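The values are calculated or read from the model by the stated rules, or taken from the named source; none is laboratory data. Keep in mind the model is a prediction, meaning the values are calculated, not measured. Cβ placement follows ideal geometry from the backbone for every residue including glycine, while neighbour counts extend to all protein chains displayed. Heavy atoms of the whole protein, side chains included, go into the accessibility calculation; ligands, DNA and RNA do not. Shrake-Rupley method; radii C 1.70, N 1.55, O 1.52, S 1.80 Å.
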Amino acid sequence: MKNKFGSAPNLGIFPRDMREREKFDNEKDAVTVNLSQFSFGLPEIQERFIKNQFSEEEMVKYREYREKWFKSAKNVDPSYGPLAVMCELVSTCNLACSMCYTNTEDFQNSVIGATRMLPWKIVKSVIDECAELGVYSILFSWRGESTLYRQRDEKGNIIDFPYVLNYAKKKGILEVTSLTHGQTIEGDFARRVVEAQPNWINFSIDGLAKEYNKIRTPPAKKKDKSFDAFVKVTNNIKNLVKIKKELGVTKPQIRTNSIFPSIYKNPKEYADFMYDIGVDWVTVNEMLDFRDGDVLDEELMKNWICSYPFQRLTVSANGTILPCTGAHNEEEGLVFGQYYGSPPKKVIENGKLIIKDLKQMNLKEAWNCEKINKVRDAHKNFKRCEINPGCRNCRHGMKHHGVDWVPDEWNIETMSWEGHVWRNG
């Protein structure tokens, strides 16, 4: 199991999605599905997490969705249409985590550009189209902190994160989810998140108190001795659990996720703590190397096919449509266009304002466009490295070290990856 999945069963960490893996993992080994994320605990925990989200009727649809998820990947066949859409509400964050590639001004100016919150009219159109196309899942996050979302509709009404979740559920999207650092989900905002009834919310919690506070204390609070980010976020989780009990609901299910280096000293203590405060499922990510620059040839998986172009689409906060969340720099080789109605993408390159003239399109058009088909063909023929900039330097296509890998340059005292260059940072 260690060799096949990179998991650490001796620590209680196992591959996720075992139900589907048992059915599909003997098919087309070159295609990997959800390779870098693992379950802290036996498969029964994930199964309970899933069952608490759906009625019996919805569960049938969910099983259909997950079967198509693996089948599309293993058959390298996009015929079902996009099964999931990642809709990035916000591309900025109020934290400055040491392992995050979005921290630098260079990244925000030259990659993200002027539009850092996706206008509500675009979000609404994406949701409406997903409902029309029968998309099973929407994840309202990517590089930024989605709970910071705040826009106005055409009447001037405030549209925020709970409203977006609620709108997507009312449109009939089967699985509505989001990642968050969770430090802003408190008070009435927290109650509205629960009332919106998303399927799950994933809190990024890297380590217990000592480690977490080194990584995820907001810059504005670094000198405030009375502020404890870990206490704040775990109290927010406890409050969500309390609200769910008061309302008699099982959604949203609560996940926590951590990179492994931040918990390698006390992995079981970390998992036990999270489960004890009411977390429904604890997951762990293998550390991926997001340093700037090209991936060395010896680090590449050569005969590897990415599942993403056959399963999903991503809409960034500036409206750019991409095949995956692996295209975190919005690499030119992976940009299909912009969603209809998005403002022009304005970036700063070498100190100059540049307006990117991108073709306007919707999800259906992006799913069938010439460029995405070229991306798919390149993967199917093991020529993905020819997509440069793009798939050639994707960190998901690097050789994997296993979930319990701690890089030699990881400084356990500062919780940072030393020798790292975040773009020009």
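Residue under question is S79, and the condition is that it be over 22 Å from E330 (Cα atoms), in contact with a Pro (Cβ under 9 Å, 6 or more places away or on another chain) and of a type outside the set (A, V, I, L, M); does it hold? Spelling it out, it is not the case that S79 is over 22 Å from E330 (Cα atoms), in contact with a Pro (Cβ under 9 Å, 6 or more places away or on another chain) and of a type outside the set (A, V, I, L, M). Set side by side, the residues N94, N26 differ, and just one is assigned to a loop (DSSP other than H, G, I, E, B), more than 30 Å from C369 (Cα to Cα) and without any contact (Cβ under 8 Å) to a residue 12 or more places away in the chain, which is N26.
Residue-level analysis places E22 outside the set of residues that are open to solvent by 50 Å² or more (accessible area, probe 1.4 Å), at pLDDT 95 or above and of a type in the set (D, E). I'm trying to understand the selection: among the residues of segment 355-394, which are in a loop (DSSP other than H, G, I, E, B), under 20 Å from N329 (Cα atoms) and open to solvent by 50 Å² or more (accessible area, probe 1.4 Å)? Those that are in a loop (DSSP other than H, G, I, E, B), under 20 Å from N329 (Cα atoms) and open to solvent by 50 Å² or more (accessible area, probe 1.4 Å): D357, K359, N388, P389.
Assessment of segment 122-134 against the conditions (open to solvent by 10 Å² or more (accessible area, probe 1.4 Å), within 23 Å of K51 (Cα to Cα), at pLDDT 95 or above and assigned to a loop (DSSP other than H, G, I, E, B)) yields at least one matching residue.
Yes/no per residue for (1) among the hydroxyl-bearing types (S, T, Y); (2) over 26 Å from C306 (Cβ atoms):
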site	(1), (2)
T320	yes, no
T325	yes, no
H328	no, no
F336	no, no
I348	no, yes
K356	no, no
K364	no, no
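Counting only residues that are surrounded by 12 or more Cβ atoms within 10 Å (Cβ to Cβ) and at pLDDT below 95, segment 223-252 holds 0 of them. Listed by position, the strands (runs of 3 or more DSSP E) enclosed by segment 223-329 that each have at least 1 residues that are closer than 22 Å to H400 by Cβ are 253-259, 281-285, 312-315. Collect the residues in segment 191-222 that are at pLDDT 95 or above and of a type in the set (A, V, I, L, M), keeping them in residue-number order. Answer for segment 191-222, where residues must be at pLDDT 95 or above and of a type in the set (A, V, I, L, M): V193, V194, A196, I201, I205, L208, A209. Considering K268, K302, the condition of being open to solvent by 40 Å² or more (accessible area, probe 1.4 Å), modelled with pLDDT under 95 and of a type in the set (K, R) is satisfied by K302 alone. When F70 is tested against the conditions (1) within 25 Å of N373 (Cβ to Cβ); (2) open to solvent by less than 10 Å² (accessible area, probe 1.4 Å); (3) not in a helix (DSSP H, G or I), the lone failure is (3).
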